[in-house]
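Colleague: Here's a structure for you.
None of the figures in this text is laboratory data; all of them are computed from the coordinates on show. Not measured: the values here are computed from a predicted model. Glycine gets a Cβ as well: all are built from the backbone with ideal geometry, and neighbour counts include every protein chain shown.
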Amino acid sequence: MTRARIFFDVDDTLLTWDHRLRPHAREVIGALAAGGFAVYLWSGAGVRWEVAWAHDLARHITGCFEKPLSRHRERLAGLGVPFVPDHVVDDDEDIVRVFGGTHVPAPLEPLHEDRHLLRVLADVAARFGLPAHDGILHETT
C-alpha cells in the first residue's frame, strides 16, 4: 500500500540550470520509494521520463506528468493527472502553497554544498512517517 504520492518538479528542483542532477536527488528519491511512497516527476515543460532514465531514477519513479503552471488544482484532470498530489517538492512557492509540500530554492554554486533536497525527507517523515531504518534521514538533522 502506498503511504503517499510525492511529486517532484524537474527544472530548478531536481535538475540544475545546466541539466545536472542536484545533489542527494538519487538518495532522497530512492529512500522515499523504499519507504513505500509513490514518487512522481512532473514539469511545466511536459512529461519528462527522459530525466528519470538519464539520471538512473526510473526504477524509483511511479509516473511522470505535465505540471499545471496556473490554476493548479483545476487543471490536473486536463493534464492527465488522475489524483491530487499528497506532497510536492518544488522551487515554485505558489504550487507548494496550493498542494502542501517542501519548497526548495533553485540550486546555486557551489553545487556540492547544496543539501536542500535532504529537507524533503524530514518534511515527509514529519507529515507521513518514514521507516526508522532509513539512514539518510540522519543527514538532515
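Colleague: Which percent, to the nearest 5, of DSSP beta bridges fully inside region 5-140 are antiparallel?
Modeller: Just about 5 percent of them are antiparallel.
Colleague: Another one. Rounded if a/c is under 1.5, else prolate if a/b beats b/c, else oblate: with a ≥ b ≥ c from the C-alpha gyration tensor eigenvalues square-rooted, which is region 43-115?
Modeller: Details: a/c = 2.09, a/b = 1.25, b/c = 1.67.
The shape class here is oblate.
Colleague: Same structure, new question: Quote the relative contact order of the chain in percent (integer), defining contacts as alpha-carbon pairs under 8 Å separated by 6+ residues.
Modeller: Details: 239 pairs, mean separation 37.3, N = 141.
Worked out over the chain, it gives 26 percent.
Colleague: Let me ask another. Of the chain, which part is the longest with no chymotrypsin sites (Phe, Trp or Tyr not before Pro) in a loop (DSSP not H, G, I, E, B) and with at most 11 other C-beta atoms within 10 angstrom?
Modeller: Segment 18-82 is the longest.
Colleague: With springs connecting C-alpha atoms under 10 Å apart, model the chain as a Gaussian network and identify which of T13, T102, T62 has the largest mean-square fluctuation.
Modeller: Highest fluctuation of the listed residues: T62.
Colleague: Per the Cauchy relation, a quarter of the hull surface: what is the mean projected area of the convex hull of the alpha carbons in the chain, in nm²? It would help to have the intermediate numbers written out before the result.
Modeller: Details: hull surface 31.9 nm².
So the mean shadow area of the Cα hull is 8.0 nm².
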